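Note sheet for the following structure.
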Amino acid sequence: MGTVDRRTFLKLVGAPALAAALPRDLSKALAIRANDRTRSINDVEHVIFLMQENRSFDHYFATMRGVRGFGDPHPVTLPSGRSVWHQPNGSNDLLPFRPEVADLGQTFLPDPPHGWNDTHAAWNAGRYDQWVPNKGVTTMTYHTRADLPYQFALADAFTVCDNYHCSVMGPTDPNRYHMWTGWVGNDGKAGGPVITNAEAGYDWSTYPERLERAGISWKVYQDVGLGLDAAGFWGFTDDPYIGNYGDNSLLYFHQYQNASPGTPLADKAKTGTDVLRQNRRPEALLGDFRDDVRRGRLPQVTWIVAPEAYSEHPNWEPDFGAWYVSQVVDILASNPDLWSTMALFVTYDEEGGFFDHLVPPTPPQTRAQGLSTVPVTNELFLGDAEHPAGPYGLGVRVPMIIVSPWTRGGWVNSQLLDHTSLIRFLETRFGQGRPDLVESNITPWRRAVVGDLTTAFDFARPNTPRRVDLPDTDDFKPVDLVRHPDEVPAPPADQRLPRQERGVRPARALPYTLHADGRATAASFSIEFTNPGHAAAVFHVRSASSVQQPRTYTVEPGKVLSDSWDIGAAGYDLSVHGPNGFFRGFKGATPTAASDLEVSASYDERHDEIALTFRNRGSERVDVTVRDGYTSRDRTRSVKPGEVEAQRWSLSRTRGWYDLVLTLRGGPRLQYRYAGHLENGMDSISDPQMGGLIS
């Protein structure tokens, strides 16, 4: 945690998240030392993926302390001129709301639309202002800690990723294909591209086949329902308490469908428990998983697929899913030797039609929509008779919690991630010097912009004791084992933006060092995007002018891109958004010969400082005022014609966070804003401004 002392850190984090008691078994599990034989990813011997259903990040976690949620200080502005929270709903706006029920975690919310067409319509070429017309009012619902005590506590005990996106702006199957294969047959071969839940049978390669060829053990744990074959609808059944809900998407590939018993693809992907023969008892689920963990036979790579009622797919209660996830965690914790070597990834296949305020990073479809230094080959769907053209993704942000002895302590990781990051983690762990374990299906653009999840782990110094609450989930288990009707939510008459929990959480170091510097001329405003960091990044640029559509710019490390926007009679008003709260705002009028100021930003990572350099290209003196949003202090400097002056601000107090607003005194209208986080290779904290610690 660098130089912050314990008292300061506890004050920033906030006491409530550190208070309360753990169940005895999990408390012991958190105390189990991580296998740190090599102090590298090679110490991870078991990787487990549990992908639940249809919840967006904001829908579940926007109120959680220390993540990019309702307290985001720089949300995008919609064409209406209001923030992204104010989604148009006819002649009015609809803000996120919590339905007036006692416990939303025990509520059977309706299932909003979440297909290709309605999601791309809500996205609206990046304008992001058509959620309610295409998804309905349920899209704007959200939960609190009281509604999701287990999910929140699990995140507080381990690590939550708040920039993890599903892979496709579309439904379940295409997103799960990304988890298992890296794409949806984007090249048009082998049955693709697949942007719906067609389940017609496909022939491109899957990652488990690569594992099999490399001698890496793997298995899918599921319930067989009425059968894991065509006659049994591949595990999908009208009984929501058995089967796999059709979520084992490997079974929609011919090589698995045609695999005979006794062969690896059949034995590892087409077997499971049979709870129908055990009176549908919830405790019988995961029986084979429990037995393999107890006997020390868990494979190196595991996928777990829940029945419908436990998948968290609306209209099912989140509490049913919490009970199911808790069973997986408790089973793993029952074997300390295995726990010390495992990493469990708990995520969601897509947002399920629920709103999230972060605009997904996407590749530009045309030159008018931006630029990319990375080829966008196979990332743009060309459209067909029933579906509009558009980028495959990234999709909407979804929750991701990583449970492992290397991710203990209530951390947040804000690197851009998606479902292909799960494959990338396997590549990094098992693919060293083994080219066949590098998934060729992952496109160049996606491989460049999303990470491999390793930044969420502390492999070098994992064995620090942690203790955080995890509530009992016995009462979350279904009681009656029947299907329940929708409980349709009603928006409140008095709408207010929800509050986020106060405080911050420890944040992992990220590989980003980004710049976006603007320059106005008589006719246009240009922005130069520079990336001296270690990971590619996507910049999202919005104009307040209704005639200028949003644009995206993908810039690789060591690369630079520039673009320009016409300046109208009203001047210019542009905003630039990037990962982990990176923000630049440029507002102003056309510069004159007398008053023409050029500004650029730079970092000093060694001394935790940001500098703004002012260059006066005009013929008159300009008085520049910069307000520090973290101290509310102004600093004014007079810059003579032709003069260059640099001003520096220390960021050690805020652990690298900055928010500087620059204006001119007595000159033409101008306001530039520079906000974000300076990355110096050290772990830090989440944004204190987002945590309500800065007034």
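Summary table below
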item: Count of the stretch 262-282 residues which are under 20 Å from Ile48 (Cα atoms) and open to solvent by 40 Å² or more (accessible area, probe 1.4 Å); result: 5
item: Residue check for Leu422: open to solvent by less than 10 Å² (accessible area, probe 1.4 Å), within 24 Å of Glu53 (Cβ to Cβ), of a type in the set (A, V, I, L, M) and assigned to a loop (DSSP other than H, G, I, E, B); result: no
item: Selection count where residues are farther than 20 Å from Arg447 by Cα and of a type in the set (Lys, Arg), scope the stretch 154-194; result: 1
item: Test: residue in the stretch 332-355 that is crowded, with 23+ Cβ neighbours inside 10 Å, within 23 Å of Leu453 (Cβ to Cβ) and of a type in the set (Val, Ile, Thr); result: yes
item: Options Arg33, Arg68; residue that is basic (Lys, Arg), modelled with pLDDT of 95 or more and part of a loop (DSSP other than H, G, I, E, B); result: Arg68
item: Selected residue (criterion: surrounded by the most Cβ atoms within 10 Å (Cβ to Cβ)) from residues of the stretch 624-636 that are charged (D, E, K, R) and free of Cβ contacts under 8 Å to residues at least 24 places away in the same chain; result: Arg635
item: Looking only at the stretch 167-186, and only at residues there that are among the hydroxyl-bearing types (Ser, Thr, Tyr) and over 12 Å from Trp204 (Cα atoms), the one that is nearest to the chain's Cα centre (by Cα); result: Ser167
item: Within the stretch 666-695, considering residues that are aliphatic (A, V, I, L, M) and open to solvent by 20 Å² or more (accessible area, probe 1.4 Å), the one farthest from Thr636 (Cα to Cα); result: Met682
item: Wholly enclosed strands (runs of 3 or more DSSP E) of the stretch 84-180 bearing at least 1 residues out of contact with any Pro (no Cβ under 6 Å at 6 or more places or on another chain) and open to solvent by 30 Å² or more (accessible area, probe 1.4 Å); result: 87-89, 92-94
item: The stretch 62-81 - residue that is small (Gly, Ala, Ser) and closer than 23 Å to Leu660 by Cβ and, of those, surrounded by the fewest Cβ atoms within 10 Å (Cβ to Cβ); result: Gly71
item: Test: residue in the stretch 431-452 that is modelled with pLDDT under 95, aliphatic (A, V, I, L, M) and open to solvent by 10 Å² or more (accessible area, probe 1.4 Å); result: no
item: Hits in the stretch 481-498 (condition: in contact with a Lys or Arg (Cβ under 9 Å, 6 or more places away or on another chain) and modelled with pLDDT of 80 or more); result: Pro498
item: Tabulated pairs, the stretch 250-277, first without any contact (Cβ under 8 Å) to a residue 24 or more places away in the chain and in a helix (DSSP H, G or I), second open to solvent by 20 Å² or more (accessible area, probe 1.4 Å) and of a type in the set (Gly, Ala, Ser), C-beta under 9 angstrom, 6+ apart or interchain; result: Ala266/Ser260
item: Residue list for the stretch 181-222, filter: of a type in the set (A, V, I, L, M, F, W, C), in a helix (DSSP H, G or I) and open to solvent by 20 Å² or more (accessible area, probe 1.4 Å); result: Ala214
item: Positions within the stretch 356-367 being polar (S, T, N, Q) and either under 12 Å from the mean Cα position of the chain (by Cα) or open to solvent by 10 Å² or more (accessible area, probe 1.4 Å) (or both), in sequence order; result: Gln365, Thr366
item: Selection count where residues are loosely packed, with under 14 Cβ neighbours inside 10 Å, of a type in the set (S, T, N, Q) and under 20 Å from Arg584 (Cα atoms), scope the stretch 637-665; result: 1
item: Index of the failed condition, Arg294 passing every other in (1) more than 19 Å from Gly215 (Cα to Cα); (2) buried (at least 24 other Cβ atoms within 10 Å of the Cβ); (3) not polar (S, T, N, Q); result: (2)
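The values are calculated or read from the model by the stated rules, or taken from the named source; none is laboratory data. Keep in mind that this is a model prediction, so the values were computed, not measured. Reconstructed Cβ throughout: ideal geometry from the backbone, glycine too, with neighbour counts over all protein chains shown. For accessibility, only protein heavy atoms count, side chains too; no ligands or nucleic acids. Shrake-Rupley method; radii C 1.70, N 1.55, O 1.52, S 1.80 Å.
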